[in-house]
Amino acid sequence: MRLGILGSGLMGGKLGTIFARAGHEVVFSYARSDGKLKRLARAAGKKARAGTPREAAEDADALLLAVHWSRVNDVLKQAGDLSDKVIVSCSLPMNDDDTALVIAHTSSGSEELAKRLPNASIVSAFNTVPSEVLFGVYESRRRTKRPSLVYCGDDRAAKKVCAELIREVGFDPFDAGPLRIARYTEPFALLVAQLAYEGKGGPELAYRFERSKK
Ligand SMILES: NC(=O)c1ccc[n+]([C@@H]2O[C@H](COP(=O)([O-])OP(=O)(O)OC[C@H]3O[C@@H](n4cnc5c(N)ncnc54)[C@H](OP(=O)(O)O)[C@@H]3O)[C@@H](O)[C@H]2O)c1
């Protein structure tokens, strides 16, 4: 696939690198310096390059939205027309000092995004794991017991693309349902962050859902 990364920080930098190593064409965009984007692309290998958000969006099969909530409008404006695009969002609707969700309970950041981009297909994914686990999960992806990763969205084809990317990173994709379920997965992401960064688990924390026997 051709993948555009909108926001090349902790999440976008790592996921873009993994996607490029897995054989996808990746365009890294949106950082505070072009030098950083070029360094990331060089380190990710021949399949990756640096570009503007508009270049990342051009002909992309999917876009990863990985910016702070306060930067969403800016990066979307720079990306241009995103009609018919698959947008996988790991961005959480956090306030400026990252202490609280600014949208919750009766809506979610992902639903708000879908309202802002009614002609795009939004899938919410990758926001329920700390970025520190991503390379480790990719390196151990051949294990039979893979960690889970929940995703949700309303468009079946877009979800299929997203599930493939989740599998590519080494997770077991766990379909949580329609996009409105992001109302529950986004607060769940904060639980994981709390356990990872303030609890005893440490940032290498990933989760796995298992059905208990009846
Ligand atoms: N990190 C995690 O473990 C994690 C986990 C779950 C969900 N999330 C969510 O994922 C999203 C991204 O998080 P992150 O940790 O990857 O954030 P991050 O490391 O801060 O990355 C954000 C990217 O946006 C770029 N950026 C910020 N301001 C900019 C500006 N004015 N102009 C151009 N580029 C700008 C940053 O540039 P620089 O690279 O130059 O700083 C960086 O590349 C957030 O919504 C967060 O809530 C993160």
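The values are calculated or read from the model by the stated rules, or taken from the named source; none is laboratory data. All figures in this text were calculated on a predicted structure; none of them were measured in a lab. Here Cβ is always computed from backbone atoms with ideal geometry, including for glycine, and neighbour counts include all displayed protein chains. What goes into the accessible areas is simple: the full protein's heavy atoms, side chains included, and nothing from ligands, DNA or RNA. Shrake-Rupley method; radii C 1.70, N 1.55, O 1.52, S 1.80 Å.
Observations
- Screening LYS38 against (1) within 10 Å of the ligand (Cβ to nearest atom); (2) over 21 Å from VAL161 (Cβ atoms) leaves a single unmet condition, (1).
- ARG141 being in contact with an Asp or Glu (Cβ under 9 Å, 6 or more places away or on another chain) and charged (D, E, K, R): yes
- Taking each residue of segment 189-214 that is within 21 Å of PRO173 (Cβ to Cβ) and looking for partners that are among the small types (Gly, Ala, Ser) with beta-carbon atoms closer than 7 Å, six or more apart or interchain, yields ALA196/GLY202; GLU204/GLY136; LEU205/ALA196; TYR207/SER148; ARG208/SER148; PHE209/SER148.
- Candidates THR99, THR52, THR17, filtered to the one that is among the polar types (S, T, N, Q), open to solvent by 70 Å² or more (accessible area, probe 1.4 Å) and within 14 Å of the ligand (Cβ to nearest atom): THR99
- Selection within segment 105-131 - in a loop (DSSP other than H, G, I, E, B), in contact with a Pro (Cβ under 9 Å, 6 or more places away or on another chain), within 13 Å of the ligand (Cβ to nearest atom) and in contact (Cβ under 8 Å) with a residue 60 or more places away in the chain: SER108, VAL129, PRO130
- Residues of segment 169-182 that turn out to be touching a helix residue (DSSP H, G or I) at 6+ places or on another chain (Cβ under 8 Å), assigned to a helix (DSSP H, G or I) and crowded, with 19+ Cβ neighbours inside 10 Å, as a count: 3
- The set of residues in segment 71-94 that are open to solvent by 50 Å² or more (accessible area, probe 1.4 Å) and either more than 8 Å from the ligand (Cβ to nearest atom) or under 17 Å from GLY153 (Cβ atoms) (or both) comprises ASN73, LYS77, GLN78, ASP81, ASP84.
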